[in-house]
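The values are calculated or read from the model by the stated rules, or taken from the named source; none is laboratory data. Please read all numbers here as calculations on a predicted model, not as lab measurements. All accessible areas refer to the heavy atoms of the entire protein, side chains included, with ligands and DNA or RNA removed. Shrake-Rupley method; radii C 1.70, N 1.55, O 1.52, S 1.80 Å.
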Amino acid sequence: MALSISRRIVRSFGSLSALGFREYPTVADLSDQIAGDNLLHAECFSFSKGGPSFLDFRRFSTTILTPDSNGGAFPSDLLSSKTVLTPERTIGLYEDLVVPVTNFHNEDHGLMVLAGDVFDVPIRKDIIHRVVRWQLAKRQQGTHSTKTISEVSGTGRKPWQQKGLGRARHGSLRGPQFRGGATMHGPKPRSHAFKLNKKVRRLGLKIALSARAAEGKLLVFEDLEVPTHKTKNIVNYVNQMENTKKLLLVDGGPINEKLKLATQNLHYVNVLPSIGLNVYSILQHDALVMSRDAVNRIVERMHTPINR
């Protein structure tokens with residue numbers, strides 16, 4: 001930061017040449033040189049503890065210096081060749097996101113705005129944990145069954161008399177203490193599902209989508225049309241993606257027959273309609289590819305009021 005010194009202070013120190021310093025031209029003298037040039041000249045002065053010491057004349061450039069720059073006083077070998085990274089975006093501010101739209105052929109189809117209240121919500125692991133537990137419990141079959149003493153096969157006759165033989169008293173050979181007998185307090189067919197509020201379920205899906213968007217693993221396609229049903233087309237596309245082992249494709253309506261045939265032999269590529277998109281499937285895949293129609297349907301579903 002430049003320090004402006006009044007003429008009175010300069011007079012108190014005397015002439016710059018008397019102090020052993022070079023005299024620099026004033027800003028007025030440099031005005032003619034500044035015109036037409038992209039360098040801004042300014043006089044910079046500083047004082048040290050031991051006495052007055054003046055910094056050399058500095059020039060501030062508004063141009064970007066690179067190692068390939070021609071001309072200029074700054075040595076090219078001192079310039080850094082590293083890419084300047086922009087600060088990371090703060091997640092969870094409910095800001096709308098602008099993402100490019102492409103397809104399987106990497107063609108440009110413009111941009112799309114993702115709603116901030118769906119794709120940029122604060123990340124909460126506790127909500128994700130509750131929703132995943134709810135999903136896994138609800139899809140559990142619950143067909144486990146054991147036989148009670150009335151269901152196990154065997155006679156109901158008393159094996160031996162109550163007294164006189166010195167043996168333990170028993171009334172049936174179908175009891176749980178005998179081989180092939182009943183199972184006490186064993187599992188019976190039941191549902192393992194438990195209730196989870198719709199608000200929590202909806203918030204879990206928003207958090208999962210926001211996490212993929214923050215990681216840069218959410219891609220938006222114009223559509224999921226493939227030229228043929230050959231599997232090699234999907235394989236070549238997945239191989240082009242970096243750090244992706246499992247891919248989830250989400251379309252708006254019914255799945256295209258060609259896409260279904262092209263992905264059915266790939267265990268690391270799965271296809272879902274937008275109505276079937278869920279938290280557990282998103283977490284099981286590294287990357288998420290959604291069509292433009294699927295994004296619109298998901299946003300519409302998230303904005304629909306919850307029926308009480």
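List the relative contact order of the range 90-130 as a percent without decimals, with contacts defined as Cα pairs under 8 Å and 6+ residues apart.
Details: 58 pairs, mean separation 18.9, N = 41.
The normalised contact order for the range 90-130 reaches 46 percent.
Once a ≥ b ≥ c are taken as the square roots of the eigenvalues of the Cα gyration tensor of the range 128-227, is the result rounded (a/c under 1.5), prolate (a/b larger than b/c) or oblate (a/b not larger than b/c)? The shape class here is prolate.
Any chance you could run the full-extension gain for Asn243 through Thr304? It's 0.36 nm times the residue separation minus the Cα-Cα distance, nm to one decimal.
Working: separation 61, 0.36 × 61 = 21.96 nm, distance 3.50 nm.
Answer, rounded to one decimal: 18.5 nm.
Given a 1.4 Å probe and the protein chains as shown, Met184 ends up with an accessible area of around 100 Å².
What do you reckon, how do Arg174, Arg212, Arg133, Arg157 stack up by accessible area (1.4 Å probe), largest on top? Working shown, then result.
Details: Arg174 60, Arg212 25, Arg133 130, Arg157 160 Å².
These residues rank, largest area first, as Arg157, Arg133, Arg174, Arg212.
Largest accessible area first, the listed residues His229, His267, His185 line up as His185, His267, His229 when surface is computed with a 1.4 Å probe on the assembled protein chains. Across the range 282-292, coupling constants 3J(HN,Hα) worked out from phi with the 6.51/-1.76/1.60 Karplus curve, θ = phi - 60°, read 5, 6, 6, 10, 6, 10, 10, 10, 10, 6, 4 Hz, and Gly and Pro carry x.
Inverting the mean 1/r over all pairs of different Cα atoms, compute the Kirkwood radius of the range 142-190 and quote it in Å. If you can, show how the numbers build up before the last one.
Values: mean 1/r = 0.0825 Å⁻¹.
Final number for the Kirkwood radius of the range 142-190 is 12.1 Å.
In the assembled protein chains, His109 presents an accessible area of approximately 70 Å² (probe radius 1.4 Å).
Accessible surface for Ser191 stands near 90 Å², nearest 10, in the context of the full protein assembly shown (1.4 Å probe). Segment Arg190..Arg167, full-extension length gain: 4.3 nm, with 0.36 nm per residue of separation and the alpha-carbon distance subtracted.
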